[in-house]
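The structure under discussion appears below in the form of structure tokens.
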Amino acid sequence: MQKIAIIGAGAIGGLVGARLALAGSDVTFFVRGANLTAIRENGIELIEHDGSARATKRVHATDDYAGHAGQFDLVILAMKAHQLEAVAAQVPALLSPTGVIVTMQNGIPFWYFQKHGGEYAGTPVRSADPGGTVMAALPAERIIGCVVYPASELLRPGVIQHIEGDRFPVGELDGSTSERVQQVAALLAHAGFKAPVLDNIRAEIWLKLWGNLTFNPISSLSHSTLVDICQYPLSRELAAAMMTEAQAVAHKLGIEFRVSLEKRIAGAEKVGKHKTSMLQDIEAGRAPEIDALVGSVVELARLTNTPTPHIDTVYALVKLLEKTMGEQKAQLSLQPLT
């Protein structure tokens, strides 16, 4: 895989792209605005979790999709789920004849029931793809699933800070171990990540989502970090209740969790004073990633006739917060008293 396109150069796209470029890959970022200008002028800088800084100008940055038709062996979709629709139609033209797409969105992905088998095979996930336009544009046979575990932040345009984590498990939608998924895994491993090839990428998606669907909205509503949520008894109890409901939904879809609920909460607690991506969006006045993380679980709960009262309540509250912020064109963060 000689040429790589990364759509989005935020916290995760920037981390992956910077590491790949520093490892010698030919990387092109498809970005807009300040990020486009910064990467064109200065390249991309990565501040590793140990504080060391590495930068490279051996990257390209563009917003011209039409001018790069057929050029890429690998296209990494590194934006949030609700941002996919705006670019999906332009992605297939970027691919070489054997090129593949790696999806790095959190939550239940738009392709979840593609190549799934069973009674739900082919069912659309409207929370992730409301109009069905993303699935229509991106053929399932070109897609490799990926689960994103690292935490990172976009400090300023073109500068990424890696906080912790290095795992990007990947997998074919049908569970096969293909040559192309092994190539993707090897590419990520060469860049310093751990990228095991899984035969059930959906189970790993649920494991990551197990935390995201609870800690992200709770943090957004309470303006608290992961360790705060896990160590305060009432919020820890709420998180456990939401996770229990989600586990019931997953079980009806044939998913078994390889770690216990308490171990998953302990893992989040260990991350420490980290603001979730949804809280970062709320504080910055950006549209938060609610439907793919929480609404999708509500949708699958209805599909499988599973009661999820705690998830439903938190979903309603965080959606109302999103609506209020949008109407008032506002951001929301705690400010110290003076």
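Any read-out appearing in this document is the output of simple, stated calculations on the displayed coordinates, not a laboratory observation. What you see is a predicted model; the values in this text were computed from it and never measured. Glycine gets a Cβ as well: all are built from the backbone with ideal geometry, and neighbour counts include every protein chain shown.
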Put in order of increasing Cβ neighbours within 10 Å, starting from the fewest, 325, 79 give 325, 79
Pull out the extension gain between residue 90 and residue 126, defined as 0.36 nm times the separation in residues minus the alpha carbon to alpha carbon distance; nm, one decimal. 10.9 nm
Set Lys and Arg Cβ to +1 and Asp and Glu Cβ to -1, take the dipole of segment 203-326 about its Cα centre, and tell me which of 214, 321, 301 lies farthest positive. 214
Stretched fully, the stretch from residue 222 through residue 317 gains (0.36 nm per residue minus C-alpha distance, one decimal, in nm) 33.1 nm
In nm, to one decimal, how far is the residue 142 label point from the residue 98 one, both placed 7 Å along Cα→Cβ? 1.7
With +1 on each Lys and Arg Cβ and -1 on each Asp and Glu Cβ, how big is the dipole of segment 203-326 about its Cα centre, in debye rounded to the nearest 20? 160
Cβ density ranking, 10 Å radius, fewest first, applied to 64, 174 yields 64, 174
If a helix is a whole DSSP H run, which ones in the chain reach 20 Å or further along their own axis (Cα) and hold a mean Kyte-Doolittle hydropathy of at least -0.5? 201-222, 233-252, 309-328
Roughly speaking, what is the centre-to-centre gap between segment 10-81 and segment 107-153 when only Cα atoms are used, to the nearest Å? 24
Set Lys and Arg Cβ to +1 and Asp and Glu Cβ to -1, take the dipole of the chain about its Cα centre, and tell me which of 59, 13, 139 lies farthest positive. 59
Of the options 100, 37, 123, report the single residue whose Cα projects farthest towards the positive end of the charge dipole of segment 1-141 (beta-carbon charges: Lys, Arg +1; Asp, Glu -1). 37
Going by C-beta contacts inside 10 Å, put 338, 28, 214 in order with the fewest on the left. 338, 28, 214
Identify the residues of segment 137-172 with backbone N under 16 Å of a label point that sits 7 angstrom from the Cα of residue 303 along the Cα-to-Cβ direction, or state none. 140
As a test of the formula, what do you get for the chain when each DSSP H run with n ≥ 4 contributes -39,500 (n - 2.57) and the sum is divided by the residue count, at 222 nm and rounded to the nearest 500 deg cm²/dmol? -12500 deg cm²/dmol
Based on Cβ point charges of +1 for Lys and Arg and -1 for Asp and Glu, what charge dipole magnitude is obtained for segment 3-199 about its Cα centre, in debye rounded to the nearest 20? 320
Length added when fully stretched, residue 287-residue 258, from 0.36 nm per residue minus Cα-Cα: 7.2 nm
With +1 on each Lys and Arg Cβ and -1 on each Asp and Glu Cβ, and nothing else charged, work out how big the dipole of segment 125-254 is about its Cα centre, in Debye to the nearest 20. 120
Which aspartates and glutamates does residue 275 reach when only Cα atoms under 15 Å apart count, and residues fewer than 8 places away in its own chain are ignored? 153, 164, 228, 283, 289
